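One structure is given below, encoded as structure tokens.
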Amino acid sequence: MPRAVSFTLNGKPVRFETDDGRTLLWVLRSDLGLTGTKYGCGVGLCGSCTVVVDGKAVQSCRMPLALVEGKQVTTIEGLAAGGRLHPLQQAFIDKGGFQCGYCTPGMIMSAYGLLLRQSHPSREAVIGALEGNLCRCSAYKRILEAVESVAAAEGGRR
Ligand code: FES
Ligand code: FES
């Protein structure tokens, strides 16, 4: 049965009508065209679909759309502002924190969720925040360097 869900997506109000049981991931990708959020495993094991909901990194493949009613959803497309990349996005470029790039949006969104809670997290906290994000290219060292460079700098939090 169709249900209307209203939420804020990357700072803009959205009202969306869809069948019960659809996940946030597929509404973002298929209906709203925000393909920066990636489909990997579909069962909560890879982190490629990570977005931030009300300040917390979540796996959108496991989140029924109905659960975002009234919430603030941020995807990778919502991070750049004023024509400038978010410091995390810039750091991934500067540090070469990717190879194929498929895991990158999810990695950045998990790191972004962490930096919303802690502007200068420890290495252990960064590792913990990225624990659920897999990189099949094994670029972990450079990914960690990218996130830590932002965690260590002023302006990582925005
Ligand atoms: S696609 Fe969501 S965790 Fe893998
Ligand atoms: S850069 Fe290829 S999966 Fe991480």
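Residue pairs whose Cβ atoms lie under 9 Å apart, sitting 6 or more positions apart in sequence or on different chains, and linking a residue in segment 44-72 that is within 22 Å of Cys135 (Cα to Cα) and touching a residue at least 12 places away in the same chain (Cβ under 8 Å) to a partner that is open to solvent by 70 Å² or more (accessible area, probe 1.4 Å) and in a strand (DSSP E or B), are Val52/Gln72. When Gly70 is tested against (1) away from ligand 2 (no atom under 16 Å from the Cβ); (2) buried (at least 22 other Cβ atoms within 10 Å of the Cβ); (3) farther than 12 Å from Val150 by Cβ, only condition (2) is not met. Candidates in segment 105-121 are the residues that are at pLDDT 95 or above and of a type in the set (Ser, Thr, Tyr); of these, the one that is surrounded by the most Cβ atoms within 10 Å (Cβ to Cβ) is Tyr112. Selection over segment 18-32 of residues that are without any contact (Cβ under 8 Å) to a residue 40 or more places away in the chain and more than 12 Å from the chain's Cα centre (by Cα) gives a count of 7.
Of the residues that sit in segment 85-139 and are free of Cβ contacts under 8 Å to residues at least 60 places away in the same chain and of a type in the set (Lys, Arg), which one is nearest to ligand 1 (Cβ to nearest atom)? Residue satisfying both the conditions and the ranking: Arg136. If only residues of segment 75-104 that are closer than 25 Å to Met63 by Cα and of a type in the set (Gly, Ala, Ser) are counted, the one that is surrounded by the fewest Cβ atoms within 10 Å (Cβ to Cβ) is Ala80. Against the criterion of being more than 16 Å from ligand 2 (Cβ to nearest atom) and in a helix (DSSP H, G or I), Leu25 qualifies. Screening Thr35 with (1) open to solvent by 50 Å² or more (accessible area, probe 1.4 Å); (2) on the phi < 0 side of the Ramachandran plot; (3) touching a residue at least 40 places away in the same chain (Cβ under 8 Å) gives one miss only, at (3). Restricted to segment 40-58, and to residues there that are within 16 Å of ligand 2 (Cβ to nearest atom) and surrounded by 18 or more Cβ atoms within 10 Å (Cβ to Cβ), the residue that is nearest to Met109 (Cα to Cα) is Thr50.
The values are calculated or read from the model by the stated rules, or taken from the named source; none is laboratory data. Treat the numbers as computed from the prediction; the structure is a model and nothing was measured. All Cβ positions, even for glycine, are placed from backbone atoms using ideal geometry, and neighbour counts span all protein chains on display. The accessibility values were calculated without ligands, DNA or RNA, using every heavy atom of the protein model including side chains. Shrake-Rupley method; radii C 1.70, N 1.55, O 1.52, S 1.80 Å.
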